[in-house]
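This report refers to the structure that appears directly beneath it.
The values are calculated or read from the model by the stated rules, or taken from the named source; none is laboratory data. Just so it is clear, the structure is predicted and the values come from calculations on it, not from any experiment. Don't worry about glycine lacking a Cβ; one is built from the backbone with ideal geometry, like all the others, and counts go over all protein chains shown.
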Amino acid sequence: MTDIPRLNGVIRALEQGQAAFTTFVPPELDMVRAYNAAPYDALVFELEHSPYDIRALQDTMQFMLDRRQIAASGSLAPKVTPFARIPANGSEMNQFLAKQVLDLGVYGVIWPHVSTVEEARNAVAACRYPRPSTAPAFEPAGQRGDGPKFAPGYWGLTQQEYYERADVWPLNPKGEILVGIMCEEVKAIRNLPDMLQQVPGIGVVLIGLGDLSQELGFPRQYDHPAVASAVAEILAICKVNNVACGHPHVNAGNIEQEVARGFRWLMPTPTFSFTALEKGRSAAGR
């Protein structure tokens, strides 16, 4: 097989020891066209708190493909890599959602509310095809159904090339699929060391600050000592286990600090400008 360069922009950044920059985006055409022009490594389609519309996801993913960019780069790698956050909590052990978004061609799946070793193993297994028990890196044993109707073409590969690359990284060094689990419960923090030590194939741990702060009793009070302490504990566990840790709420005021702290997956949301509106209201005496 011809050697194929790295396709997943987030994995590329992490392999190079760099931080990866992503953001959540609803599966809406106008939003994707705007965000896809920004220098993100990936867009994470938000299907947990947005309607789970697989047709809308398919349409918006097509609008991420820029023929001129592909031709100019001389690479099959998309400028911005599409991921998806699926709606089911990890405790639901629901694999079909991961299968559907992977079959459309996403390069990564974010699983909300993963809090036990069993749930983490299910998340990774759902993103891997079955293989012989004698195959390298067999565990967690793959359970993804075989039906990639659109994914090989979306990646620009033959079906056999796709099978070679459609595995989870870093468990498979050639894999192009990144599995992210969200740590957003006290129980998840307690079990996180075991999850990272017993379940190979987790590419990033994304802190679910909203839900975690709710359970701690300080909703969205991210600077509260109890919330800040929990965040620091999750980050420390990830560092010990050499797994990227993700911060979902960074902005111009804190992003440099969070990069320096060691977060390797950061999610800055673009700031929408109302400059013309503000000038107009001022000129009108409002």
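Some observations on this one:
- Check on residue 22, out of contact with any His (no Cβ under 8 Å at 6 or more places or on another chain), surrounded by 22 or more Cβ atoms within 10 Å (Cβ to Cβ), free of Cβ contacts under 8 Å to residues at least 40 places away in the same chain and not acidic (Asp, Glu): no
- Subset of the stretch 178-202 [in a helix (DSSP H, G or I) and acidic (Asp, Glu)]: 194
- Any hit, the stretch 50-59, residues being touching a strand residue (DSSP E or B) at 6+ places or on another chain (Cβ under 7 Å) and either among the hydroxyl-bearing types (Ser, Thr, Tyr) or touching a residue at least 60 places away in the same chain (Cβ under 8 Å) (or both): no
- In this structure, residue 147 does not qualify as closer than 30 Å to residue 31 by Cα, of a type outside the set (Ser, Thr, Tyr) and either free of Cβ contacts under 8 Å to residues at least 12 places away in the same chain or surrounded by 22 or more Cβ atoms within 10 Å (Cβ to Cβ) (or both).
- Members of the stretch 113-135 that are in contact with an Asp or Glu (Cβ under 7 Å, 6 or more places away or on another chain) and either under 25 Å from residue 12 (Cβ atoms) or without any contact (Cβ under 8 Å) to a residue 60 or more places away in the chain (or both): 128, 129
- Considering 223, 211, the condition of being acidic (Asp, Glu) and surrounded by 13 or more Cβ atoms within 10 Å (Cβ to Cβ) is satisfied by 211 alone.
- Residues in the stretch 51-64 that are part of a loop (DSSP other than H, G, I, E, B), within 22 Å of residue 151 (Cβ to Cβ) and out of contact with any helix residue (DSSP H, G or I) (no Cβ under 8 Å at 6 or more places or on another chain): 53 only.
- Criterion (surrounded by 15 or more Cβ atoms within 10 Å (Cβ to Cβ), out of contact with any His (no Cβ under 8 Å at 6 or more places or on another chain) and not in a loop (DSSP other than H, G, I, E, B)) met by exactly one of 246, 175, 153: 246
- Answer from 70, 110, 86 - the residue that is surrounded by 15 or more Cβ atoms within 10 Å (Cβ to Cβ), modelled with pLDDT under 95 and of a type in the set (Val, Ile, Thr): 70
- Within the stretch 101-144, if we keep just the residues that are over 19 Å from residue 85 (Cα atoms) and among the small types (Gly, Ala, Ser), the residue that is nearest to the chain's Cα centre (by Cα) turns out to be 142.
- Hits in the stretch 48-61 - residues which are surrounded by 14 or more Cβ atoms within 10 Å (Cβ to Cβ) and of a type outside the set (D, E, K, R): 50, 52, 54, 56, 57, 58, 60, 61
Listed here are the residues, each with its yes/no results for (1) outside any loop (DSSP other than H, G, I, E, B); (2) closer than 19 Å to residue 193 by Cβ; (3) out of contact with any His (no Cβ under 7 Å at 6 or more places or on another chain).
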site: 88; (1), (2), (3): no, no, yes
site: 115; (1), (2), (3): no, yes, yes
site: 121; (1), (2), (3): yes, yes, yes
site: 125; (1), (2), (3): yes, no, yes
site: 133; (1), (2), (3): no, no, yes
site: 136; (1), (2), (3): no, no, yes
site: 139; (1), (2), (3): no, yes, yes
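- For residue 207, the criteria (1) within 17 Å of the chain's Cα centre (by Cα); (2) touching a residue at least 60 places away in the same chain (Cβ under 8 Å) hold in every case but one, which is (2).
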